[in-house]
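*Asks:* Below: one structure in structure tokens.
The values are calculated or read from the model by the stated rules, or taken from the named source; none is laboratory data. Since this is a predicted model, take the numbers as computed values, not measurements. All Cβ positions, glycine included, derive from the backbone under ideal geometry; neighbour counts span all protein chains shown. For the accessible areas, the whole protein counts, side chains as well, though only heavy atoms, and no ligand, DNA or RNA atoms are used. Shrake-Rupley method; radii C 1.70, N 1.55, O 1.52, S 1.80 Å.
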Amino acid sequence: MSASSLVPAKRRVFDEYPIDFKAFHGEHRRKLIERFGGIGATKGVVFLEGGKTSYWHCTDKEIVFRQEGYFHYLFGVDEADFLGAIDLNTGKSMLFAPRLPASYATWLGKIHELHTFKDKYHVDDVYYADEASTELIKLGAETVFVMPNCKLEWLCGPTSLFKVDKERLQDEMDECRVIKTDAEIALLQHINDT
């Protein structure tokens, strides 16, 4: 078995075909903002939950993680337990990283600073996930657009501080993903050719 066959297919493709993630996922965010009428047309925030860490039955063994598709489409984040937001009024993008305990470093490696994620994923701001509600309040959004399966109690529960729309985002995201950008077409062509 060759060493390259041990590398996940996704990594091999990206190693062979470099992607400008700022442009790639930034274009997807711009497409979504346009679906909402352009910057400033809608006084709201798009808010998405990334995939969650999950474990095998009653063990500490993690199930192989796969990012939630819509979240990856907009932000390109590979890690679990992130949240993301796009301010439709300004076009600014934000990520909310999990706040990891110091013991994480002992067992699973380095705990990255927030600026690391800002540089890696080319978003405007990065905060900790436990600061998400505070940051949404600061934005002063009239409406927070979420996917229909939103499970965040503080956001989608009966005591939410926000007017939450669970209808529109799914439709707008689906429309964005139907029509491929030039970069997506080039990547798909490369994958088909290899």
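*Asks:* I'd like the accessible area for Lys110: 1.4 Å probe, protein heavy atoms, all chains in place, Å² to the nearest 10.
*Replies:* 150
*Asks:* Follow-up. Apply the Karplus curve 6.51 cos²θ - 1.76 cosθ + 1.60, θ = phi - 60°, to the phi angles in the stretch 177-194 and return the couplings in whole Hz, x for Gly and Pro.
*Replies:* Here the 3J(HN,Hα) series is 6, 5, 9, 7, 6, 4, 5, 5, 4, 4, 5, 4, 5, 4, 5, 5, 7, 9 Hz.
*Asks:* Which of these, Ala97, Ala183, Ala132, has the largest mean-square fluctuation under a Gaussian network model of the chain (Cα springs below 10 Å)?
*Replies:* Of the options given, Ala183 has the highest mean-square fluctuation.
*Asks:* Also, quick follow-up: So if R0 is 30 Å, what FRET efficiency would Asp119 and Cys58 give, r being the distance between their Cβ atoms, rounded to the nearest 0.05?
*Replies:* Rounded to the nearest 0.05, the efficiency is 0.20.
*Asks:* Where is the GNM fluctuation largest for the chain (alpha-carbon springs, 10 angstrom cutoff): Tyr104, Tyr127, Tyr73?
*Replies:* Ranking Tyr104, Tyr127, Tyr73 by mean-square fluctuation puts Tyr104 first.
*Asks:* Report D for the chain in µm² per second (integer): Stokes-Einstein, Kirkwood Rh on Cα pairs, 4 °C, 1.567 mPa s. Write out the running numbers ahead of the final one.
*Replies:* Working: Rh = 18.1 Å.
The Stokes-Einstein estimate is 71 µm²/s.
*Asks:* In square angstrom, rounded to the nearest 10, how much accessible surface does Cys150 have for a 1.4 Å probe?
*Replies:* Cys150 has an accessible surface of roughly 20 Å² with all protein chains in place.
*Asks:* Let me ask you something else. Restricting to DSSP H runs of at least four residues, report the calculated mean residue ellipticity at 222 nm for the chain, -39500 (n - 2.57) per run over all residues, nearest 500 deg cm²/dmol. Write down the numbers at each step before the final one.
*Replies:* Numbers: 9 runs with 79 residues, N = 194.
One gets -11500 deg cm²/dmol as the mean residue ellipticity at 222 nm.
*Asks:* Just read off the accessible area of Leu114 with the full protein assembly in place, 1.4 Å probe, to the nearest 10 Å².
*Replies:* About 40 Å², ignoring ligands and nucleic acids.
*Asks:* Taking the Cα centre of the chain as the origin, how large is its charge dipole in debye, to the nearest 20, when only Lys and Arg (+1) and Asp and Glu (-1) carry charge on their Cβ atoms?
*Replies:* Values: 24 positive and 31 negative charges, 20 e Å.
That gives a dipole near 100 debye.
*Asks:* What does DSSP give for the chain in terms of the percent of beta bridges that are antiparallel, rounded to the nearest 5?
*Replies:* Numbers: 10 of 19 bridges.
Rounded to the nearest five, the antiparallel share is 55 percent.
*Asks:* Here's another thing I want to ask about it. Could you please put His72, His112, His28, His57 in sequence from largest to smallest accessible area, using a 1.4 Å probe?
*Replies:* Numbers: His72 45, His112 80, His28 5, His57 150 Å².
The ranking, largest first, comes out as His57, His112, His72, His28.
*Asks:* Hey, another quick one. Send over the Kirkwood Rh of the stretch 83-135, from the inverse of the averaged 1/r over different Cα pairs, rounded to one decimal Å.
*Replies:* Working: mean 1/r = 0.0839 Å⁻¹.
Result for the stretch 83-135 stands at 11.9 Å.
*Asks:* Expressed as a whole percentage, what fraction of the accessible surface of the stretch 25-90 belongs to carbon and sulfur atoms when a 1.4 Å probe is rolled over the protein heavy atoms? Please list the in-between numbers first.
*Replies:* Details: 1670 of 3080 Å².
Taking all protein chains in place, the stretch 25-90 shows 54 percent carbon and sulfur surface.
*Asks:* How much net charge surrounds Tyr70 when only other residues with a Cβ under 11 Å from its Cβ are counted (Lys, Arg +1; Asp, Glu -1)? Before the final figure, lay out each step's value.
*Replies:* On the way: positive: Arg177; negative: Glu49, Glu68, Glu172, Asp174.
That sum, taken over residues with Cβ under 11 Å, equals -3.
*Asks:* Which value, in Å², gives the accessible area per residue of the chain when a 1.4 Å probe is used on the protein heavy atoms?
*Replies:* 59
*Asks:* D for the stretch 132-194, whole µm²/s, Stokes-Einstein with Kirkwood Rh over alpha-carbon pairs at 37 °C and 0.692 mPa s: what number?
*Replies:* Numbers: Rh = 14.2 Å.
Using the Kirkwood radius from Cα pairs, D works out to 231 µm²/s.
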